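The values are calculated or read from the model by the stated rules, or taken from the named source; none is laboratory data. Only a predicted model underlies this, so the values are computations on that prediction, with no experimental measurement involved. Positions of Cβ are generated from backbone atoms using ideal geometry, with glycine treated the same way; all protein chains shown enter the neighbour counts.
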Amino acid sequence: MYAFFKEKARQFYCHLKRWSIKLAVRQQNLLKICYQLSKLIPDVSEQYTSVKLDIYYCEKVRALHAFQIRYTLKNIGDYKNIVDIGDSSGNHLKYLKHFKPDLNCVSVNLDSRAVDKINAEGGKAVLCDAHKINEAGIKADAALSFEMVEHLDNPLEFLRNLKKIDIRKLIITVPYRRVSQVGLYQYRDGNIGFGIEDVHVFELCPYDWELLFKYSGWKLDNMKIFYQYPTYLPFLRYFWNWHDFEGFVGFTLVKP
């Protein structure tokens with residue numbers, strides 16, 4: 001009986017999340033770009049190396065991609081040599097090259113499976129630890145990093161080493177938290193045997209991320225929040241904080 005009600009609760013929460021995201025996409029004017037991205041890459045179920053996504057997560061990822069790509073297109077400027085650090089599928093660069101065909105793109109990942117996958121599909125990927133990005137021999141004008149920095153043991157080392165190369169602009173998205181915290185949920189639950197792609201180390205509020213950016217020598221140009229719920233239904237904020245994240249935040253950083 002307990003298993004039955006647990007499954008019914010899971011289904012209810014899943015439906016509520018899907019409904020919330022659909023309303024959020026409409027309210028935040030992401031419907032058009034969601035449609036465009038779905039035409040370019042119809043199936044995002046293999047976005048991540050470690051898990052195949054179900055229908056709900058595909059919709060969630062699609063909405064997040066729409067936010068990330070629109071934000072990037074608004075902030076990338078005229079830079080043409082782009083590196084995507086932490087890229088697990090090559091999808092973001094495929095999207096961007098559709099809108100800006102003259103881009104010269106390369107992906108970076110610590111996981112050899114992701115690197116092999118991207119190269120096999122015609123992309124260009126390099127095996128490298130993000131902490132040591134300055135040792136990868138990559139020449140680029142601008143860098144992207146989508147939902148990667150929260151996975152790093154030492155985000156300051158990453159940010160400082162990235163400043164040592166010719167990168168002039170850095171666009172980052174991370175989960176949005178109003179209050180900073182340490183993630184490491186797997187350790188809290190007593191689990192072992194998980195990969196770096198599954199682990200969040202630091203989940204910071206925007207103000208604390210900005211402090212790290214300043215301390216590592218980057219200047220914040222602008223930021224934007226994507227909420228996974230329509231803001232005219234603010235009670236959903238508490239539901240998302242309980243089950244996932246309230247949303248995601250994008251930062252555009254430049255060298256001072």
Check every one of the strands (runs of 3 or more DSSP E) wholly within the range 49-158 and list those with 3 or more residues that are farther than 18 Å from I172 by Cβ. 125-127
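Every residue in the range 115-136 that is in contact (Cβ under 8 Å) with a residue 40 or more places away in the chain and in contact with a strand residue (DSSP E or B) (Cβ under 7 Å, 6 or more places away or on another chain), please.
Residues of the range 115-136 that are in contact (Cβ under 8 Å) with a residue 40 or more places away in the chain, as a first pass: 117, 130, 133.
Listed by number, the residues that qualify are A130, I133.
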Got at least one residue in the range 210-224 being in a loop (DSSP other than H, G, I, E, B), out of contact with any helix residue (DSSP H, G or I) (no Cβ under 9 Å at 6 or more places or on another chain) and modelled with pLDDT of 95 or more? no
Hey, any hits in the range 83-102 for a residue that's surrounded by fewer than 19 Cβ atoms within 10 Å (Cβ to Cβ), within 26 Å of P42 (Cβ to Cβ) and in contact (Cβ under 8 Å) with a residue 40 or more places away in the chain? yes
Identify, please: which residue in the range 159-173 is of a type in the set (K, R) and outside any loop (DSSP other than H, G, I, E, B) and is, among those, nearest to the chain's Cα centre (by Cα)? K169
Residues being more than 20 Å from F248 (Cα to Cα) and surrounded by 20 or more Cβ atoms within 10 Å (Cβ to Cβ): count how many of those fall in the range 133-157. 3
